[in-house]
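Colleague: Have a look at this one before I ask anything.
The values are calculated or read from the model by the stated rules, or taken from the named source; none is laboratory data. The shown structure was predicted, so the numbers you read here are calculated from the model rather than taken from an experiment. For neighbour counting, all protein chains shown are included, and Cβ atoms are generated from backbone atoms with ideal geometry for every residue, glycine included. These accessible areas exclude ligands, DNA and RNA; they are computed on the full protein's heavy atoms, side chains included. Shrake-Rupley method; radii C 1.70, N 1.55, O 1.52, S 1.80 Å.
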Amino acid sequence: MNDIWGYRPAARYTAGTDLTGYQVDAIDGHVGKVDDATDDVGSAFIVVNCKPWLFGKHVMLPAGTVTLVDHSQETIRVALTKDQIKNAPGYDRDAHRDDTGYRTTLGSYYGSR
């Protein structure tokens, strides 16, 4: 993925859209719902609440992992498997939302996929 922190044109994301509450589907099934999202240039992401699938776990997914945003169905598809998401570094809003070191770690994790 060339720009892990930006939405791909093919994903059909519309800038400024509130993605909160959208369902998130991995390649192999449902993983949760969007709790937070940003479309800031160079640092866009979604935060997925993975409960009840992964009790209490939240993950930050760089916008570059998004393959499709279906606004009519309020669904987001990502180019990751459930195992890749399950094994991703956990997310804590207070500690990680603006942490560049955490984003570097995530970029390495998801960029190698």
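Colleague: Simple spin-label model, 7 Å along Cα-to-Cβ: ALA95 to GLN23 in nm?
Modeller: Taking the simple label geometry, ALA95 and GLN23 are separated by 3.2 nm.
Colleague: Using 0.36 nm per residue of separation minus the Cα-Cα distance, give me the extension gain between THR67 and ALA10 in nm, one decimal. Each step should come with its number before you reach the end.
Modeller: Values: separation 57, 0.36 × 57 = 20.52 nm, distance 0.69 nm.
Taking THR67 through ALA10 to full extension adds about 19.8 nm, to one decimal.
Colleague: Tell me, what is the percent relative contact order of the chain, built from C-alpha pairs under 8 Å that lie six or more residues apart? Present the calculation step by step, with values, prior to reporting the outcome.
Modeller: Numbers: 213 pairs, mean separation 30.8, N = 113.
Contact order relative to length: 27 percent.
Colleague: Can you give me the relative contact order of region 8-50 as a percent, contacts being Cα pairs under 8 Å and 6 or more apart? Working shown, then result.
Modeller: Details: 56 pairs, mean separation 12.6, N = 43.
29 percent.
Colleague: Could you provide, to the nearest whole Å², the per residue accessible area of the chain with probe 1.4 Å? Before the final figure, lay out each step's value.
Modeller: Working: 5920 Å² over 113 residues.
In whole numbers, the chain has 52 Å² accessible per residue.
Colleague: Could you check the spin-label model distance between HIS30 and THR105? Points 7 Å from the Cα along Cα→Cβ, value in nm.
Modeller: 3.0
Colleague: I've got another one for you. With charges set only on the Cβ (+1 for Lys and Arg, -1 for Asp and Glu), what does the dipole of region 1-73 come to about its Cα centre, in debye to the nearest 20?
Modeller: For this selection, approximately 160 debye.
Colleague: Please arrange THR100, THR75 by accessible surface area, largest first, computed with a 1.4 Å probe and ligands excluded.
Modeller: On the way: THR100 105, THR75 25 Å².
Ranked list, largest accessible area first: THR100, THR75.
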